[in-house]
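Presented below is the structure to which this report refers.
The values are calculated or read from the model by the stated rules, or taken from the named source; none is laboratory data. In this text, all values refer to a predicted model and were calculated from it rather than measured experimentally. Every residue, glycine among them, receives a Cβ derived from its backbone with ideal geometry; neighbour counts consider all protein chains shown. Please note that ligands, DNA and RNA were not included when accessible areas were found on the heavy atoms of the full protein model with its side chains. Shrake-Rupley method; radii C 1.70, N 1.55, O 1.52, S 1.80 Å.
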Amino acid sequence: LPSDLVRMSCPDPSYKPWDLKFYKRVTFGKTLEGSTKLKDEDRKKISEQALRGLKPDLDVWTDGSVGEAGSGGAAILYRGSKRSAPVHDIRVNQAGKLACSFDAECVAILAGLSGVKDYLKHKHKKMHTRIRFVTDSQSAIASLASGPLGVNEPLPQRIWNDISNLLHNHINATIHFQ
């Protein structure tokens, strides 16, 4: 992913109504609204409780970071639930010098989607695959939850384009963002 992609405008995806059926296979968990006011231990309990619900085939944990030296995002992919599964892959992307934390978080999700694409290449298309993305970016989840036609920033549009391509090519996959 080129670092200048963060600020590069991408065209409106121009989805056709029949292309939007994939959207039903992308779900979003509850956000932890007001969680910044909670104690760390209470936030941890609430987060762990939310993560117990879905038993993924592939667990993708993402995080973005911005600093003086630059910014970027990373994704760690686990086969199965994170607690019991070995690391399958690690992906890292630069976000560019002008990136904000939202951009870095989106770049991390894109890194995870790149890993998911490679993972799905080796899966039989008829096998159902449950994929869970775990991110601490409430703003990225909120932006993506507005749907493929509701986003107006370049990186969330790119994320939806990648999701669309993944789900069109791997019919039995579902993606959950938490």
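Quick grid of which residues meet (1) modelled with pLDDT of 85 or more; (2) out of contact with any strand residue (DSSP E or B) (no Cβ under 8 Å at 6 or more places or on another chain):
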site: I131; (1), (2): yes, no
site: L144; (1), (2): yes, no
site: N152; (1), (2): yes, yes
site: N169; (1), (2): no, yes
site: N172; (1), (2): no, no
site: I175; (1), (2): no, no
site: Q178; (1), (2): no, no
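Against the test of being open to solvent by less than 80 Å² (accessible area, probe 1.4 Å), polar (S, T, N, Q) and under 15 Å from the mean Cα position of the chain (by Cα), the options S143, S81 yield a single qualifying residue, S143.
The condition (being without any contact (Cβ under 8 Å) to a residue 12 or more places away in the chain, open to solvent by 50 Å² or more (accessible area, probe 1.4 Å) and within 20 Å of G29 (Cβ to Cβ)) is satisfied by just one residue among E68, E48: E48. Among the residues making up segment 51-78, those that are assigned to a strand (DSSP E or B) and not aliphatic (A, V, I, L, M) are D59, W61, T62, D63, G64, S65, G67, G70, S71, G72, G73, Y78. Taking each residue of segment 25-38 that is closer than 12 Å to L144 by Cα and open to solvent by less than 50 Å² (accessible area, probe 1.4 Å) and looking for partners that are at pLDDT below 60 and in a loop (DSSP other than H, G, I, E, B) with beta-carbon atoms closer than 6 Å, six or more apart or interchain, yields nothing.
Here L98 meets the list (1) in a loop (DSSP other than H, G, I, E, B); (2) in contact with a Phe, Trp or Tyr (Cβ under 7 Å, 6 or more places away or on another chain) almost entirely, failing just condition (2). Selection of segment 111-131 for residues being open to solvent by less than 10 Å² (accessible area, probe 1.4 Å) and either in a helix (DSSP H, G or I) or under 14 Å from H88 (Cα atoms) (or both) yields A111, G112, L113, G115, V116, I131.
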